[in-house]
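Structure record follows, encoded as structure tokens.
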Amino acid sequence: MGTITLSDNNGVVNVIAGIFNGTKGPATTYSPVDLFDIKLKKGGEITTQLPSSYNTAILVIKGSVAVNGKNADEHSFVLFKNEGEEITVKATEDSVLLVLSGEPLDEPIASYGPFVMNTKEEISDAILEFSSGKFGNLE
């Protein structure tokens with residue numbers, strides 16, 4: 001994992017996939033994805049740029065932060081509009097965040113129960129594979 005220690009030891013950014021301020025993560029993805037695990041001490045701050053064409057969100061797992069100047073408490077899910085690229089996060093208390101950002105796939109979605117595929121035919125195939133035990137067994 002690409003790890004960045006912030007100045008004055010105010011936090012750590014673990015780059016799981018994609019690139020955070022020049023540091024690349026180890027995960028290989030099928031479409032462009034940025035995934036960062038961020039731990040900030042109170043007063044710690046990060047700034048990064050993500051493409052405005054990506055769908056981007058931040059999950060505040062623990063603590064509270066200010067995202068681009070707006071407060072986000074523990075368990076908040078901050079979904080960004082596709083308007084700008086710079087994101088600044090400042091911890092108002094010790095915090096843990098997950099940043100998820102990726103290029104939209106713009107593919108059709110078909111779902112039935114727990115199955116999510118692109119077409120009804122793929123759903124039918126998945127149900128048959130599940131019924132025949134091709135998904136494995138839990139014991």
Matching option when the condition is in contact with a strand residue (DSSP E or B) (Cβ under 6 Å, 6 or more places away or on another chain), of a type in the set (V, I, T) and over 18 Å from G63 (Cβ atoms), among T28, T23: T23
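Results for (1) among the aliphatic types (A, V, I, L, M); (2) modelled with pLDDT under 95; (3) more than 30 Å from T119 (Cβ to Cβ), shown as yes or no for each residue.
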residue	(1), (2), (3)
K39	no, no, yes
G63	no, no, yes
E83	no, yes, yes
L100	yes, no, no
Residue in the stretch 26-44 that is farthest from S101 (Cα to Cα), counting only those that are surrounded by 17 or more Cβ atoms within 10 Å (Cβ to Cβ) and in contact (Cβ under 8 Å) with a residue 60 or more places away in the chain: I38
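When the residues of the stretch 105-139 are filtered to those that are within 30 Å of V67 (Cβ to Cβ) and loosely packed, with under 12 Cβ neighbours inside 10 Å, which remaining residue is nearest to the chain's Cα centre (by Cα)? Explain how you work it out, then say what you get.
Restricting attention to the stretch 105-139, the residues satisfying the condition of being within 30 Å of V67 (Cβ to Cβ) are 105-107, 109, 116.
Within this subset, residues satisfying the condition of being loosely packed, with under 12 Cβ neighbours inside 10 Å are 105-107, 109.
Values: L105: 15, D106: 18, E107: 19, I109: 20 Å.
Checked the stretch 105-139; the qualifying residue nearest to the chain's Cα centre (by Cα) is L105.
The values are calculated or read from the model by the stated rules, or taken from the named source; none is laboratory data. Computed from a prediction, not measured in an experiment: that's the story for all the values here. We place every Cβ from the backbone using ideal geometry, glycine too, and count neighbours over all the protein chains shown.
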